[in-house]
Structures are given as C-alpha cells and as structure tokens.
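I have placed the structure first, in the form of structure tokens, so that the comments after it can refer back to it.
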Amino acid sequence: MIDDTWLVALNRWHDVYSIGEATPHSIKAMLEQGDGALDSIRSITHQVMQMAPKEMELAKQRHVLLKVSDICFAPPIVDPGVILMSGGAYRSHALEMKVKEPETPTGFIKSSHAVIGSGDAIQLPNVAPDMVDWEGEFACVIGRPCHDVSAVTALDYVAGYTIVNDVSARDWVRGLLSADGTPMEIARRAGLNHLGKQFPTFCPIGPFLVTKDELDLDNGLTITTRLNGKTKQSANTRDLLFRVAETVSYFSQWHRFLPGDVITTGSPAGVGFAAVPPCFMKGGDVIEVEVEGVGILRNRVAAPSGAVEGRAEEALWRLK
C-alpha cells in the first residue's frame, strides 16, 4: 500500500516495467523467500512514491496502481500451516468468563480451512446457529522458521501483524465451565468447546499484513470490536497477560513455526457469551474488529443455509 487510497499491484509492476524479478505470487511465498523479498517490495514502493504526477497517472491507467476502495481483499495468509489461538490472555476476559488467570500462555490449533478474508461472510452453521460469538484478536505472522526460541529473540522471527476474529459457537461452554468428574471427561468437554470454533468461515483474517517495523508494541495498540456499529470489546494490548514475544517463545517450545503461520494474542473482555443478557451474532449482522495501525476486519453474518436431513437427532449431543 502506498497510502490509504492506493496500492501497488506487484505483478502488474513487473509486467509493465520489467524491472527486477517477478514478485512471489502470495504473501506466504514472499515470506518464505526471506528478507530479500520484503526489501524488493520496499524498493518498488519507494520508486512509485518518487514518480512524477504524469508517471503516477500513467501507472493508474496501466493498473499498476489500484484504488484500495475497488479491491476485494483475500486473507493476507490464505493457507497458514498453523493457526495457534491464544486463550485467557487478557485479565478482563478471564474475569468475565469466571475462570482462573493462566500462569503460562494457553492455546489451541484452529483449522486453516476456516479462514476467510475481510468482506467475506461468516456462515452460521446449521448444527449450532444460535450462540455464535465473536473474539477480536491481535495476531502476529511468522516470517522465518521458529522453534524453541527465547522471548528475547522471538520477535526476530515475526514478519508482521494482522487481525483475527476467533468466531466461536458457544453451545458447549457451560458444560466446560461447570466440568467435573474424571480428567478424561473434562478433556472431552474441552474438546467439544474447541470443535465449536472450527466451523467453515469461523476464522476471518485481515485485512492486511502490517510489517513489524510499522508498529510500536511497547506503547500498546487499541483493539475494538463492534457489532452493527456498537462497541462490544475495547482494550489495549498493554493489558495482555503475555506479550507477543512471550507467547511466541512459549509455544515454540513444542511447535516448529514456519513462514505464514499465525499466532494470536487472545481476546479481551466483551464477548457475547458473557454479556447480560447474552448476545450472539445473527444473519444480517456486521461484525468489525479494529486494531490501531493495522486496519479493520469487517465481515457480515449469513443465516444458516438450511437444515440438513438426519441432523436433528445428531444435534442432541450438543446438550450432553
């Protein structure tokens, strides 16, 4: 992006001007090429910004420069190998969910097949359409292979930042929060809660990948979630129990993260499940997650597509 209005179509730049090598076909492929690809893109951006007005106009006519308002953005990372969602990362969220603050980062893997972009529709699932909730989260994107790294060096492995909405069907949460019995029974209920986060379209990501040199994490970033224009979540990343570097370092003890992998920092207070009375998304709603300096992830909500034959009895397991 050149500014809030214009962006450079990197493939068109190469086709029109034949300067340098063609840029990678995706952000993930760009990250896999290392810092050289980012430096190349910065060089192209610099050249565009140095253009004379007539050259700039010609670039627009040749579709090298495109208007941001005309673009439908795909997720910045279409196919993350790993999406690691942090949980209980804000004191306020742990308090509203009436759970103990974790002593170390906690998290789970979310299916990359749930990924959609800003502007795409969140589809309410037929089997669990009535308690679909939002969780706006600030996230980092890994830029190079990362395993067993310290918190001191963890940010060296981060390419940039984006926004994730951890959309969640809450049908199984009450059973989890009241869970007692054997460890296996508690684990079963926790597993059902995680399955409620895996439905197709339940992982909006975007709209942009902002490189880490553009954000100052030390001063904190404001994160806001709005449902139909009404603020539901409002917090600052200064309130995180575990900062980005700590989170990446902790999970890297087990995972070998690769370029394009996404790690979120968790959701602040203000989810629909904890509201009085509870509030959930329904067909026709618009949900927005905004992070200062990153952008606005905006998605409409689509009503269930219709009952699936034979699912009525199968859905009873939701209540068990």
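Read the figures in this text as sums done on the coordinates, not as results from a lab. Owing to the predicted nature of the structure, the values given are computational and were not obtained by experimental measurement. Positions of Cβ are generated from backbone atoms using ideal geometry, with glycine treated the same way; all protein chains shown enter the neighbour counts.
On the beta carbon distance between LEU195 and MET51, with R0 = 56 Å, the FRET formula returns roughly 0.60. Across region 268-276, computed HN-Hα scalar couplings (Karplus, 6.51 cos²θ - 1.76 cosθ + 1.60, θ = phi - 60°) run x, 4, x, 6, x, 4, 8, 5, 10 Hz from first to last residue, x flagging Gly and Pro. Inter-part distance, region 236-292 to region 65-83, computed on C-alpha centroids, equals 19 Å.
From the C-alpha coordinates alone, can you work out the Kirkwood hydrodynamic radius of the chain, in Å? Each step should come with its number before you reach the end.
Working: mean 1/r = 0.0480 Å⁻¹.
Evaluated on the chain, it is 20.9 Å.
Build a GNM of the chain with springs between Cα atoms under 10 Å: which of THR225, THR237, THR104 gets the top mean-square fluctuation? Checking each option, the largest mean-square fluctuation is seen for THR104. A Gaussian network model of the chain, with springs between Cα atoms under 10 Å, assigns the largest mean-square fluctuation among VAL167, VAL291, VAL276 to VAL276.
Label-to-label distance, TYR17 versus SER92, with points set 7 angstrom from Cα along the beta-carbon direction: 4.3 nm. Taken one residue at a time, the phi angles of region 64-80 give Karplus couplings (6.51, -1.76, 1.60, θ = phi - 60°) of 7, 9, 10, 7, 4, 5, 8, 9, 9, 7, 6, x, x, 10, 6, 9, x Hz. Gly and Pro are set to x. The distance separating the Cα centre of region 109-145 from that of region 14-45 comes to 28 Å. Proximity of backbone amide H atoms, modeled 1.01 Å from N, is registered between SER234 and THR225 at under 5 Å, excluding neighbours fewer than 5 places apart on the same chain. Given the options VAL68, VAL99, VAL16, state which has the largest fluctuation in a GNM of the chain using a 10 Å cut-off (strictly under) for Cα springs. Of VAL68, VAL99, VAL16, the Gaussian network model singles out VAL16 as fluctuating most.
The sum of -39500 (n - 2.57) across all DSSP H runs of n ≥ 4, divided by the residue count of the chain, sets its helix-only mean residue ellipticity at 222 nm to -6500 deg cm²/dmol. With a simple spin-label model that places each label point 7 Å from the Cα along the Cα-to-Cβ direction, the separation between LYS60 and ASN126 comes to 4.8 nm. Using r as the Cβ-Cβ distance of LYS67 and ARG188, and R0 as 41 Å, what FRET efficiency do you calculate, to the nearest 0.05? Computed FRET efficiency for LYS67 and ARG188: 0.20. Ordering 195-207, 108-120 by mean Cβ neighbour count within 10 Å, with the highest value first, yields 195-207, 108-120.
Does region 36-90 classify as rounded, prolate or oblate by the C-alpha gyration tensor (a ≥ b ≥ c root eigenvalues; a/c under 1.5 gives rounded; else a/b over b/c gives prolate, otherwise oblate)?
Numbers: a/c = 3.05, a/b = 2.19, b/c = 1.39.
Here region 36-90 falls in the prolate category.
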